[in-house]
Amino acid sequence: MVIVALSSPSPLPWRNLFSSLPSSSPPPPTTAATTATPIPIPKYPPPHKTPPPPRNPTPGFKYHRHSNYHKPVHPGEVISSDGDRSVVIGESGVSYILPGAPFEFQFSYSETPKAKPVAIREPAFLPFAPPTMPRPWTGKAPLKSSKKKKIPLFDSFNPPPAGMKGVKHVEMPGPFKLGSYPKEGKTREEIIGEPLKKWEIRMLVRPLLSQNRQVNLGRDGLTHNMLELIHSHWKRCRVCKVRCKGVPTVDMNNVCHHIEEKTGGKIIHRHGGIVYLFRGRNYNYSTRPQYPVMLWKPAAPVYPKLIQDAPEGLTKAEADELRLKGKSLLPICKLAKNGVYISLVKDVRDAFEGSPLVKIDCEGLDPSDYKKLGAKLKELVPCVLLSFDDEKILMWRGKDWKPRYPKPPPLFSPVEAGITEDLNNTGEIDDDNQSKHDGYMVRTSSKMLSLWNRAIESEKALLLEEFNLGPDALLQKVEEFEGISQVTEHSYPAFISSGEDGVKHSIANFGDGTEDSYSSDEPDAEDDDDEEDNDDDDDEYSDDDYYDDDLYDTVDSSVQPGSLPVDYIVNGMKPRKEK
């Protein structure tokens, strides 16, 4: 066996290949190995600088939102003028006057406060397109005119033929009687034509009850751009359906007035917040009034504060005391967002009959909405606003408040009221008493006297101090008494009246709506007038398809059979017939 020893020119100083144990400890690792990282840190590019937004060419947008612009104005002042085009502070706030316009344009026609504006929040710019707008140079020539076939324009008097392609449906004028034709009209009366009959209104309204094609009227009320929108609906249909929600529904009469005045149409049916607007029998879309469209919403002007530290008729200490009491007061109702508030004014007036303070819960509504509600209630109720804290409207009825209903009248017995017995114990009529009776005396039986007395004591009947009342005054008395007693059903005679000529009249109103009149033999001349009025009322629209079932219910009465005055008269006449 031969062992060969290999030698190297540069043997390792610390390593011995033939030794069993290391001669010395290995050296420590180098520092370069410890500082090196396995993954290098990435280098990101510098953040990209966003270029500044381009300058808005429209000067009206510069001060439109969140600006500190404040310029005091006075009623009747012309803020800006450019020839015939001007911005004026009129009776209804900021108005825009254009040459040839039929009226002063506004952003909202129905939701303008009655208070005069104090200042404006933006410079006075007309929100309409300028009369001439030259094309700016873009480095390219204008495009050539299109070679497509031009579709002819059809109006309501010349509709497109049936089955023609590429043309939408255009509604013809009408409805007309057989043999009648449309006429060109310029005034509102000529365009609307003859009043619609009941069956015509049903024919026009019924198809729209289940349709969603409508104009939505929101918190801004009737705006300027809605006028053109309503005419676009009238082009396809004779009736435009307008659905109102939110703040404007507090005063629906005001909304309907402005809709009819600005559009020239006629409201033929109204249910809650839904209005059906008829365009007219002789309406022509091509000759409609055309208004310029507003390009942006102008900023609302500054109005006086609604909440004062010391409101009308109160000192600051008294107002603070009322606000403190209002914190523990329960609200009369809670308003829903985008709801219909038609009965809100009546509810507040009724609540003021029992409490000087009234609170309304407006939780969830936009602050501008319940502030507009407070301004409307201040004018319509009227009342004094105290606070809008905690999303609630707190109102005080004021020192000049007067109750809607008079105090309940004192109770009189039937004898004091002039109600006496006209029948003796035998059931026969006393001629002497009958000849001596006064024109205001109503004679009845003892049983009926007891029933009237019981009804008066239970405040289910009212004795009138004045007998010679007209129908309107009598209806007002009945409505006031109904509000006081909160009685909805009357099973007994509710009032006693007498004619001016001294003839006896006794009218009994029953729960089923019928009237029994015991009067002179001569027919009343007013019956003929009522029949003529009924013929005129046929032209108005009323829904005859729905009736109240309660009208046909029988009335339970505690009167025993055979105890009425008629029964005594019949019993007294029987022996005479036998003889």
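Looking only at residues that are surrounded by 11 or more Cβ atoms within 10 Å (Cβ to Cβ) and either over 19 Å from Tyr276 (Cβ atoms) or without any contact (Cβ under 8 Å) to a residue 12 or more places away in the chain (or both) in segment 173-188, which one is farthest from the chain's Cα centre (by Cα)?
Ser180
From the list His66, His74, pick out the single residue that is modelled with pLDDT of 85 or more, open to solvent by 90 Å² or more (accessible area, probe 1.4 Å) and assigned to a loop (DSSP other than H, G, I, E, B).
The unique qualifying residue is His74.
Any chance you could count how many residues in segment 94-120 are more than 19 Å from Asp369 (Cβ to Cβ) and basic (Lys, Arg)? Explain how you work it out, then say what you get.
Taking segment 94-120 first, the residues more than 19 Å from Asp369 (Cβ to Cβ) are 94-106, 116-120.
From what is left, the residues that are basic (Lys, Arg) are 116.
Selection size over segment 94-120: 1.
Looking at (1) open to solvent by less than 30 Å² (accessible area, probe 1.4 Å); (2) over 30 Å from Pro123 (Cβ atoms); (3) not in a helix (DSSP H, G or I), which one does Glu312 not meet, given that it meets all the others?
Tallying (1) open to solvent by less than 30 Å² (accessible area, probe 1.4 Å); (2) over 30 Å from Pro123 (Cβ atoms); (3) not in a helix (DSSP H, G or I), Glu312 fails exactly one: (1).
Which residue pairs have Cβ atoms under 9 Å apart, sit 6 or more places apart or on different chains, and have a first residue in segment 211-238 that is at positive phi and a second that is open to solvent by 20 Å² or more (accessible area, probe 1.4 Å)?
Cβ pairs passing all conditions: Gly221/Glu111; Gly221/Thr112; Gly221/Asn254; Gly221/His258.
Could you list, in sequence order, all residues of segment 161-180 that are of a type outside the set (S, T, N, Q) and within 21 Å of Val239 (Cβ to Cβ)?
If the condition is that a residue be of a type outside the set (S, T, N, Q) and within 21 Å of Val239 (Cβ to Cβ), then Lys168, His169, Val170, Glu171, Met172, Pro173, Gly174, Pro175, Phe176, Lys177 are the ones that fit.
What's the total number of residues in segment 200-225 that are within 21 Å of Leu295 (Cβ to Cβ) and acidic (Asp, Glu)?
1
Restrict the check to segment 114-128 and report whether at least one residue is more than 30 Å from Leu377 (Cβ to Cβ) and aromatic (Phe, Trp, Tyr).
Yes.
I'd like to know if segment 289-306 contains one or more residues that are more than 26 Å from His224 (Cα to Cα), assigned to a loop (DSSP other than H, G, I, E, B) and of a type outside the set (A, V, I, L, M).
yes
At pLDDT below 90 and surrounded by fewer than 14 Cβ atoms within 10 Å (Cβ to Cβ), is that true of Glu318?
no
Can you tell me which of Ile89, Ile39 is at pLDDT 75 or above, of a type in the set (A, V, I, L, M, F, W, C) and part of a strand (DSSP E or B)?
Matching residue, one of Ile89, Ile39: Ile89.
Any residue in segment 194-205 that is in contact (Cβ under 8 Å) with a residue 24 or more places away in the chain and closer than 13 Å to Lys266 by Cβ sitting within a Cβ distance under 7 Å of a residue that is assigned to a loop (DSSP other than H, G, I, E, B) and not acidic (Asp, Glu)? List the pairs, counting only those 6 or more apart or interchain.
Glu194/Arg281; Glu200/Pro175; Ile201/Tyr541; Leu204/Arg238
The values are calculated or read from the model by the stated rules, or taken from the named source; none is laboratory data. For clarity, every value in this text was computed on a predicted model and none was experimentally measured. Ideal geometry is used to build each Cβ from the backbone, glycine not excepted, and the neighbour counts take in all protein chains shown. All accessible areas refer to the heavy atoms of the entire protein, side chains included, with ligands and DNA or RNA removed. Shrake-Rupley method; radii C 1.70, N 1.55, O 1.52, S 1.80 Å.
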